[in-house]
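Here is the structure we will look at.
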Amino acid sequence: MNTSGDDKTAASNWLVHQWIVAGIVSASARFIPIPFVDDAVRSQCRRFVVSRTLSSHQPAIPIDRLKPYYSDGEGCLQGCLGMALKAPIKLLLFPIRKIASVLTSIHSVPIEVLRLVLLGRTLDRYLSAGRLSGDPLQSAQMRRAFEGAFARMDFRVVRAGMADALSSVRGWKTAATGLAKKLAGRRSVESEELESPPEVEQGAQEIQVFLDRPDTLALFAEFDRRFDELMSAESR
């Protein structure tokens, strides 16, 4: 996938592949039958995507300054208090939520992969254009613009195509869930590649081929346009 408007390179292909693998692993966390582990895995995968993207540009921007962009947290005290208040409810609803997430996985897995790919792609685009300041305020604006643009997109065709691509790969779900369990036990994976099993690698390759299609790239360009419009509105 052409991530920044320039000709494709081996580096950009490698980076996109890492985003897709992270998306598959993040999506597979829904199959782990342990409360709160899915949230931990998704958080790890988002941080990994941002870290790998930053590393590919070698900027002098600490990853934690971009935390508002990739994290669901609201600050240490507020985030911890919020988690403490929500924990009993989440535990009570966990069996229902887990069953629902598994039953809807045919739709939600491709959406999670798309979310992480676009998270990395947007950051890569801003880094390539020299538009990233490292200001946490800008990072928060980017997060709001990202969520707004993502919510306005119609991904049904791409979602179906990605689901078909994954359906041709046997064993990806079991392999990705196993990797997600390993990830949940680590403190951080930001400084290393995701060493994924062959089934996950094959699934990522199938998705990457699909994402390189002209109609998919046109949809991503539309996302870019909407994101930039919302960022302009945030800056006023």
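The values are calculated or read from the model by the stated rules, or taken from the named source; none is laboratory data. Just so it is clear, the model here is predicted, and its values are computed rather than measured. Methodologically, a virtual Cβ is constructed for each residue, glycine included, from the backbone with ideal geometry; neighbour enumeration extends over all protein chains shown.
For the stretch 169-194, what are the residues that are at pLDDT below 90 and part of a loop (DSSP other than H, G, I, E, B)? Those that are at pLDDT below 90 and part of a loop (DSSP other than H, G, I, E, B): G185, R186, R187, S188, V189, E190, S191, E192, E193, L194.
Just to be sure I understand, how many residues within the stretch 33-45 are surrounded by fewer than 21 Cβ atoms within 10 Å (Cβ to Cβ) and in contact with a helix residue (DSSP H, G or I) (Cβ under 6 Å, 6 or more places away or on another chain)? It would help to see each step written out before you state the result.
Kept after step one, since they are surrounded by fewer than 21 Cβ atoms within 10 Å (Cβ to Cβ), are these residues of the stretch 33-45: 33-37, 39-40, 43.
Cutting the leftovers down to in contact with a helix residue (DSSP H, G or I) (Cβ under 6 Å, 6 or more places away or on another chain) gives us 35, 37, 40.
Of the residues in the stretch 33-45, 3 are surrounded by fewer than 21 Cβ atoms within 10 Å (Cβ to Cβ) and in contact with a helix residue (DSSP H, G or I) (Cβ under 6 Å, 6 or more places away or on another chain).
If you filter the stretch 195-236 down to residues that are in contact with a helix residue (DSSP H, G or I) (Cβ under 7 Å, 6 or more places away or on another chain) and either of a type in the set (V, I, T) or outside any helix (DSSP H, G or I) (or both), you find that the one that is surrounded by the fewest Cβ atoms within 10 Å (Cβ to Cβ) is P197.
If I ask for residues that are within 19 Å of F210 (Cα to Cα) and surrounded by fewer than 20 Cβ atoms within 10 Å (Cβ to Cβ), which ones from the stretch 151-164 would you list? So that I can check it myself, show each step before the final result.
Let us first name the residues in the stretch 151-164 that are within 19 Å of F210 (Cα to Cα), namely 153-164.
Matches in the stretch 151-164: M153, D154, F155, R156, V157, R159, A160, G161, A163, D164.
Counting only helices (runs of 4 or more DSSP H) that sit wholly inside the stretch 1-116, those with at least 3 residues that are at pLDDT 75 or above are 10-28, 37-57, 67-70.
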